[in-house]
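Heads up, the thing below is written out as structure tokens.
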Amino acid sequence: SKRIDEPMRETAETSLGDFAPMPALQGDITLERVTYRAEDRGPAILRDADLAVAAGEILGIVGPSGSGKTTIANLVQGLVVPTDGRVLVDGTDIAHISPAQLRAQIGAVPQDVQLFAGSVRENIAMGVADKDPGRVVAVAKFVGAHDFIQRLPQGYNTVLGERGQGLSTGQRQLLCIARALIRNPRILILDEATSALDPATEEQLLRQLKGSTRGRTVIMITHRLAPLAIADRVALVMDGRVERVGPPTEVMAYARIRMAEASRGQTVPAAPSSRAMIG
């Protein structure tokens, strides 16, 4: 639907103090020699990581659990700060950007999807000034959630329990993806965000995302092969390092070898889905 791809009309407030006003993002992301430790003397979760994502690119990030994939997503959003190195968006160190302004242009769907007690409509439109019902329906149709919402007792006005009780995990994921997209973010981060969808729904959603990026930068963190079908490039993260970045088929072939080696030397945690996986 056209409405989802219309530029956002809301403008983020300018923060005072150390932060410069932030223009609309293009969506270039660069990690420069980034090391991240959760504690000062703790182990490095990410070590000397270099990664460049071009504006409008769809990048898949793969690797075993605990390898540092989600940390990359958190760094890009400014949720955690590098111990060493820099994270740049459009060439600006995000240390100099207001976190609120940065996050206003990033849509992120974490592994543990969060819904709140409120109507389906309120959950999708959370955080946007334009709560036009037509826009909510358009984004729900776009992600493939409209049909199941229509079957709920009061449709879009159905009140959900805390954490979306009463919905399946896949349905909750679709609502959270709709919420991320309704703001038409320049950067979209999906962290295992389609893991509970049935294959047909996932394929339809991925096709929609691929066809409508229009310059949107997409980072997809996944254990599984299906989401990588729409990736322009894939990055393999192992033991806190970005080991290889390149075309999906080439990196996946390398990833299988590396993860098989890792599983011989140590146990690689199983992926959370029984569908096609890496390894």
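Quick note: the coordinates plus some simple rules give every number you see, no bench work behind them. The model shown is predicted, which means the values in this text are computed figures rather than measured ones. Here the Cβ is made from the backbone with ideal geometry for all residues, glycine too, and neighbour counts use every protein chain on show.
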Practice task
Return the loop-located trypsin sites (Lys or Arg not before Pro) in the range 186-253 (DSSP other than H, G, I, E, B) with at most 16 other Cβ atoms within 10 Å of their own Cβ; answer none if there are none.
Solution key: ARG214
Fill in the blank from the handout: Per the charge dipole of the chain (beta-carbon charges, Lys/Arg positive, Asp/Glu negative, Cα centre), the residue among GLY127, PRO248, THR83 reaching farthest to the positive end is PRO248
Practice task
Pull out a ≥ b ≥ c, the square roots of the eigenvalues of the alpha-carbon gyration tensor of the range 118-201, then state rounded if a/c is under 1.5, prolate if not and a/b is larger than b/c, and oblate in the remaining case.
Solution key: rounded
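For the chain, which longest stretch is free of loop sites, where a loop site is one of the GluC sites (Glu not before Pro) that DSSP puts outside H, G, I, E and B and that has at most 14 other Cβ atoms within 10 Å?
My reading of the result: 40-279 is the longest stretch.
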Practice task
Would you mind checking the range 173-193 for residues with the amide N under 16 Å from a putative spin-label position 7 Å along Cα→C-beta of ASP130?
Solution key: 179-186
Handout entry: Cβ-based net charge around ALA235, under 13 Å, with every Lys or Arg adding one and every Asp or Glu removing one
Key = 0
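Work through the residues other than VAL113 whose Cβ is under 11 Å from its Cβ and net out their charges, Lys, Arg +1 and Asp, Glu -1.
0
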Handout entry: Global form of the range 2-265, assessed from the alpha-carbon gyration tensor, a/c cut-off 1.5
Key = oblate
Practice task
Rank these for me by crowding, SER98, SER67, SER119, going from fewest to most other beta carbons within 10 Å.
Solution key: SER119, SER98, SER67
Problem - Cα-based shape type of the range 19-137, given that a ≥ b ≥ c are square roots of the gyration tensor eigenvalues and the cut on a/c is 1.5 - result: prolate
Handout entry: Residue-by-residue Karplus 3J(HN,Hα) for the range 59-75, coefficients 6.51, -1.76, 1.60, Hz, glycine and proline x
Key = 10, x, 10, 10, x, x, 4, x, 7, x, 4, 5, 4, 4, 4, 5, 5
Practice task
Please give the calculated 222 nm ellipticity per residue for the chain, where each DSSP H segment of at least 4 residues contributes -39500 (n - 2.57) and the sum is spread over every residue; nearest 500 deg cm²/dmol?
Solution key: -8500 deg cm²/dmol
